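Read the structure below first, then the notes.
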Amino acid sequence: MLKAMAIFLSLRRAARLQLALLLGAGSEILIGGQAVLEGVMMRAPHSFAVAVRAPNGTLHTTRDKLVRPTERHAFWGWPVLRGLAVLGQAMVLGTKALRYSAAALEAGDAGPTPEVAEKAAAAGTTAAIVFSLLFFIAFYKFLPLLAATALQHRFPVLGGRIAFNLTDGLIRMALFLLFISGLGLFADIRRVYEFHGAEHKVVFNYESGEALTPMNARRFSKHHPRCGTSFMLVIMLIAMVTYAFLPATHFWSRLLSRIALLPLIAGVSFEIIRYAARHGRSFFALLARPGMWLQRITTREPDDEQLACAILALETAMALERAQGGELVVA
């Protein structure tokens, strides 16, 4: 019983990290964010901050500096590669933000000490990211391929490339929908979805140029085109088309080719989301629109306290940005 409970808790932690990455921003942008446990992480070009609300209503924050991938190496600004750089940084930030929020809630009303906060942000980041990637491959690559292969054996008509990969892709999307919908059954994840809505509204509020207040933020949409939900769905659509051209016909060769092509597909998907965000009437914007529809699942209407938490996270990140000499203007 204890072993089963430990496995369940480990899988739930992995699911939380997957969800945190899913709810993050899908591009290297001026201002973006991510929902965490009872809070929000907001980032500026060279800083990020996390605000978490304790059970007694007190807000706890942490912040740190950021270096954009393109400032480390210019080639990370090249098309396709920039998507991998942004995704990699988002995974690191997402892990740190999620760990801080968990530490803040565990510490209670007093909040975590600076030492505890720093340890929570740094501890196990690489291991958590590796575990998350393995979870992603197992859940979105191995399981759909296994199910599609079993169906192919039962129904030979699915043996063609197009039919097989269409089946594989539809199973993958079904698992994705079950994942994000199923997590919403947990009370703490429903709260994360509300903070996700708060993050989107506050980002829209900032981009509008209006004063950052819960009253102003409440008027904006909780669906944002740069959301990671859109990013994930575009990845799945691009993957479905790409896999249809692969000559692999056996289970393991198909699986290995899917894993090998994942960076390329992620990079191309990033470019599509980036283009769609800048050209709202383009064909690619239509391709990204189903991701906007899925945000009906991954976002919920926040209350004023959740909006205030998101605003505090953004203002804390902006204050550090200004302290470094940065100027934040609406793009």
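For the stretch 111-155, how many residues are of a type in the set (V, I, T), modelled with pLDDT of 85 or more and either part of a loop (DSSP other than H, G, I, E, B) or surrounded by fewer than 17 Cβ atoms within 10 Å (Cβ to Cβ) (or both)? Give the derivation first.
Quick first cut of the stretch 111-155, residues of a type in the set (V, I, T) only: 113, 116, 125-126, 129-130, 137, 149.
Narrowing the set further to residues that are modelled with pLDDT of 85 or more leaves 137, 149.
Those left that are additionally either part of a loop (DSSP other than H, G, I, E, B) or surrounded by fewer than 17 Cβ atoms within 10 Å (Cβ to Cβ) (or both): 137.
Number of matching residues: 1.
Just wondering, is there one or more residues in the stretch 1-20 that are under 29 Å from R300 (Cα atoms) and either outside any helix (DSSP H, G or I) or modelled with pLDDT of 85 or more (or both)?
no
How many residues, within the stretch 235-252, are within 13 Å of F164 (Cβ to Cβ) and of a type outside the set (V, I, T)?
So the answer is 9.
Each row is one residue, and each column tells you yes or no for (1) farther than 22 Å from V130 by Cβ; (2) among the hydrophobic types (A, V, I, L, M, F, W, C).
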site	(1), (2)
V52	yes, yes
L59	yes, yes
G94	no, no
A97	no, yes
L105	yes, yes
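What tally of residues in the stretch 207-222 results from selecting those that are part of a helix (DSSP H, G or I) and buried (at least 21 other Cβ atoms within 10 Å of the Cβ)? If you could, list the steps in order and put the result at the bottom.
The initial filter retains those residues of the stretch 207-222 that are part of a helix (DSSP H, G or I), namely 207-208, 214-218.
Subsequent filtering for residues that are buried (at least 21 other Cβ atoms within 10 Å of the Cβ) retains 217.
Of the residues in the stretch 207-222, 1 are part of a helix (DSSP H, G or I) and buried (at least 21 other Cβ atoms within 10 Å of the Cβ).
Which of the residues that make up the stretch 157-175 are of a type outside the set (A, V, I, L, M) and at pLDDT below 90? Break it down into steps so the answer makes sense when it comes.
Here is the first cut: in the stretch 157-175, the residues of a type outside the set (A, V, I, L, M) are 159-161, 164-165, 167-169, 172.
Those that are of a type outside the set (A, V, I, L, M) and at pLDDT below 90: G159, G160, R161.
Identify all residues within the stretch 214-234 that are under 21 Å from the mean Cα position of the chain (by Cα) and either among the small types (G, A, S) or at pLDDT 75 or above (or both); write none if there are none.
At the first step, the residues of the stretch 214-234 found to be under 21 Å from the mean Cα position of the chain (by Cα) are 220-234.
Across the stretch 214-234, the qualifying residues are F220, S221, K222, H223, H224, C227, G228, S230, F231, M232, L233, V234.
Identify, please: which residue in the stretch 223-260 is assigned to a helix (DSSP H, G or I) and touching a Ser or Thr at 6+ places or on another chain (Cβ under 6 Å) and is, among those, nearest to V192 (Cα to Cα)? If you could, list the steps in order and put the result at the bottom.
Filtering the stretch 223-260 for residues assigned to a helix (DSSP H, G or I) gives 228-243, 251-260.
Keeping just the survivors that are touching a Ser or Thr at 6+ places or on another chain (Cβ under 6 Å) gives 229, 234-235, 238, 251.
Details: T229: 14, V234: 23, I235: 23, I238: 28, F251: 37 Å.
The extreme case among them is T229.
Kindly indicate the residue of the stretch 275-331 that is in a loop (DSSP other than H, G, I, E, B), among the charged types (D, E, K, R) and at pLDDT 90 or above and also nearest to the chain's Cα centre (by Cα) among those meeting that condition. Before you say what the answer is, go through the steps one by one.
Residues of the stretch 275-331 that are in a loop (DSSP other than H, G, I, E, B), as a first pass: 279-282, 299-303, 324-331.
Pick out the ones that are also among the charged types (D, E, K, R) and you get 281, 300-301, 303, 327.
Going one step further and asking which of them are at pLDDT 90 or above, we end up with 300-301, 303.
Values: R300: 16, E301: 19, D303: 22 Å.
Residue satisfying both the conditions and the ranking: R300.
The values are calculated or read from the model by the stated rules, or taken from the named source; none is laboratory data. Please read these numbers as outputs of a predicted model, since none were measured by experiment. With ideal geometry, Cβ positions are generated from the backbone for all residues, glycine too; neighbour counts draw on all protein chains shown.
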